[in-house]
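One structure below.
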Amino acid sequence: MKKSLGAKNLGFPAPVFMVGSYNDKGKPNVMNAAAGGICCLTPPCIYVSLREATCTYHNIMKRNAFTVSIPSDKYMEEADYFGLATGKKVDKFEVSGLTPVQSELVDAPYILEFPVVISCQLKETIFLGSHTMFIGEVVDLKADEEVLSTINVKEGQELIRINIEEVSPLIYDLSLRGYYKLGEKVGEGFKDGLKLFK
């Protein structure tokens, strides 16, 4: 029998998004966003929801842009630190030893050492309550060559895709506040469910 836990948020596993932004003096900052994900496929859009108390909130409001860098599991300590420390008091890049890089397409920095980077132009801002949702239109998705795979779509046609196993992204459990590694692949999307069609 299921037990009610009340009105609580839960969506697990949650992605671990490192949100990059510049302040009004051009200083790079990064934070670990607990709430974020995909919100539209065409145009491609992602969101991060932030409290007004964060530096990143104000940076995005002023610059109308942000990046999301996705860390591999070997950067768990740095990723957690980015969610604990405040850019109001410390230079998180200096403390972590990681490298900020100016996005070529938006007014925000990304993290050089993280294998996947999404550059976003602010599309819409929605005040929800404790958090404000920043919807960013993806203007570029880049990844280290080491995490890319080529797949054959049909004869003579190939696609380059990001290999999630090579990225080895962190995932987060909002309920127990734990970071986890990716598990094993258990099926094929848009294929295995076809078995239930009669």
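The values are calculated or read from the model by the stated rules, or taken from the named source; none is laboratory data. Note that this is a predicted model, so its numbers are computed, not measured. Virtual Cβ from ideal backbone geometry, glycine too; neighbours counted across all protein chains shown. Just the protein is used for accessible areas: all its heavy atoms, side chains included, with ligands, DNA and RNA removed. Shrake-Rupley method; radii C 1.70, N 1.55, O 1.52, S 1.80 Å.
With the full set of protein chains in place, find how many percent of the accessible area of the chain is carbon and sulfur; take the probe as 1.4 Å.
54 percent
For region 1-128, with equal point scatterers placed on the C-alpha atoms only and solvent neglected, what are the log10 I(q)/I(0) values from the Debye formula at q = 0.14, 0.16, 0.18 1/Å, to two decimals?
-0.60, -0.77, -0.96
Can you work out ³J(HN,Hα) from phi for every residue in region 110-127, in order, using Karplus 6.51 cos²θ - 1.76 cosθ + 1.60 and θ = phi - 60°, giving whole Hz and x for Gly and Pro?
Going residue by residue, I get 10, 9, 4, 6, 7, x, 10, 9, 10, 9, 10, 9, 4, 9, 7, 10, 10, 7 Hz, with x marking Gly and Pro.
Let me make sure I get this right: for region 42-198, a, b and c are the square roots of the gyration tensor eigenvalues over alpha carbons, sorted descending. Under 1.5 in a/c it's rounded, otherwise prolate if a/b > b/c, else oblate. Which is it?
prolate
Taking R0 as 41 Å, what FRET efficiency do you get between Met133 and Glu77 from their Cβ-Cβ distance, rounded to the nearest 0.05?
About 0.90, to the nearest 0.05.
Given a 1.4 Å probe, how much area per residue of the chain is accessible, in Å²?
In whole numbers, the chain has 64 Å² accessible per residue.
Counting each DSSP H run of 4 or more residues in the chain as -39500 (n - 2.57), what helix-only mean residue ellipticity at 222 nm follows after dividing by all residues, to the nearest 500 deg cm²/dmol?
-3500 deg cm²/dmol
Let me check something: with ligands and nucleic acids excluded, how do Ser168, Ser119 order by accessible area (1.4 Å probe), largest to smallest?
Ser168, Ser119
Enter the per residue convex hull volume of region 34-96, computed from alpha-carbon coordinates, in Å³ rounded to the nearest integer.
Value for region 34-96: 106 Å³ per residue.
Separation of region 75-125 and region 126-198 by C-alpha centroid, Å?
Cα centroid of region 75-125 versus Cα centroid of region 126-198: 20 Å apart.
What residue among Met31, Met61, Met18 has the largest mean-square fluctuation in a Gaussian network model of the chain, using Cα springs under 10 Å?
Met61
Within 10 Å, count the other beta carbons around each residue, average over each peptide in 147-155, 99-107, and list them highest first.
The most tightly packed comes first, giving 99-107, 147-155.
With a sphere of radius 13 Å drawn around the Cβ of Val139, what net charge do the other residues whose Cβ falls strictly inside it have (Lys, Arg +1; Asp, Glu -1)?
-2
On full extension of the chain, what length is gained from Leu10 through Leu174, given 0.36 nm per residue of separation minus the C-alpha to C-alpha distance?
58.4 nm
Protein chains only, probe 1.4 Å: how do Ile70, Ile60 rank by accessible area, largest first?
Ranking Ile70, Ile60 by accessible area, largest first, yields Ile70, Ile60.
Restricting things to Cα coordinates, could you compute the convex hull volume per residue of region 111-153 in Å³?
In region 111-153, the Cα convex hull volume per residue is 127 Å³.
Heavy atoms only, 1.4 Å probe, whole protein assembly: order Tyr47, Tyr180 by accessible area, highest first.
From most exposed to least exposed: Tyr180, Tyr47.
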